[in-house]
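Please read the structure below before turning to the comments.
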Amino acid sequence: MTRKLALLVLAGACLLGVTASAHHSQAAQYDTSKMVKIEGTLVQFQFRNPHTFVHVEAPDDKGVVQRWSIEWGGAGQLTFQGVTRTTLKYGDVVVITANPSRTPDDHKLHMVTLKRASDGFGWGARAGEVVD
């Protein structure tokens, strides 16, 4: 009986350990030692958890227009910082600085700052993140 209880406790500990390690490091997917800047047109805004995504059509370093997928914070975190599901709209021209993917050909970025020149909206550079 004691052996069965010990095995049950060990199995439970293993299961709890698996769920606790589910979140990933941004540095595993993005090169945090590098920064890129893109300027383009917003074509999709996915305001959701666990991560929000901004999709922008902008030229790459060769001048070819690409669809970039930019990972941002979660909806709850961004709402607390003043960003809502209506903050960005299709057609907005934005300038984004971000960490590039470790696989450059996939055109994925991790948001560091965002600026919309049409009204001066900005986000990034820490503290409360929303910049007027």
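The values are calculated or read from the model by the stated rules, or taken from the named source; none is laboratory data. The model shown is predicted, which means the values in this text are computed figures rather than measured ones. No Cβ is skipped: glycine too gets one built from the backbone with ideal geometry, and neighbour counts run over all protein chains shown.
A few comments on the model shown:
- Enumeration of residues in the stretch 60-86 that are modelled with pLDDT of 95 or more and either in contact with a Pro (Cβ under 6 Å, 6 or more places away or on another chain) or under 17 Å from Lys115 (Cβ atoms) (or both): Val65, Trp68, Ile70
- Some residue of the stretch 35-47 being modelled with pLDDT of 90 or more, surrounded by fewer than 11 Cβ atoms within 10 Å (Cβ to Cβ) and not in a strand (DSSP E or B): no
- Selection of the stretch 48-58 for residues being modelled with pLDDT of 95 or more and farther than 19 Å from Thr86 by Cβ yields Glu57, Ala58.
- The residues in the stretch 89-101 that are part of a strand (DSSP E or B) and either within 13 Å of Val54 (Cβ to Cβ) or without any contact (Cβ under 8 Å) to a residue 12 or more places away in the chain (or both) can be counted, and the count is 6.
- Leading residue by the ranking (farthest from Ile70 (Cα to Cα)) among those in the stretch 100-119 that are among the hydroxyl-bearing types (Ser, Thr, Tyr) and in contact with a helix residue (DSSP H, G or I) (Cβ under 9 Å, 6 or more places away or on another chain): Thr103
- Criterion (in contact (Cβ under 8 Å) with a residue 40 or more places away in the chain and either assigned to a loop (DSSP other than H, G, I, E, B) or surrounded by 12 or more Cβ atoms within 10 Å (Cβ to Cβ) (or both)) met by exactly one of Thr32, Thr86, Thr113, Thr79: Thr32
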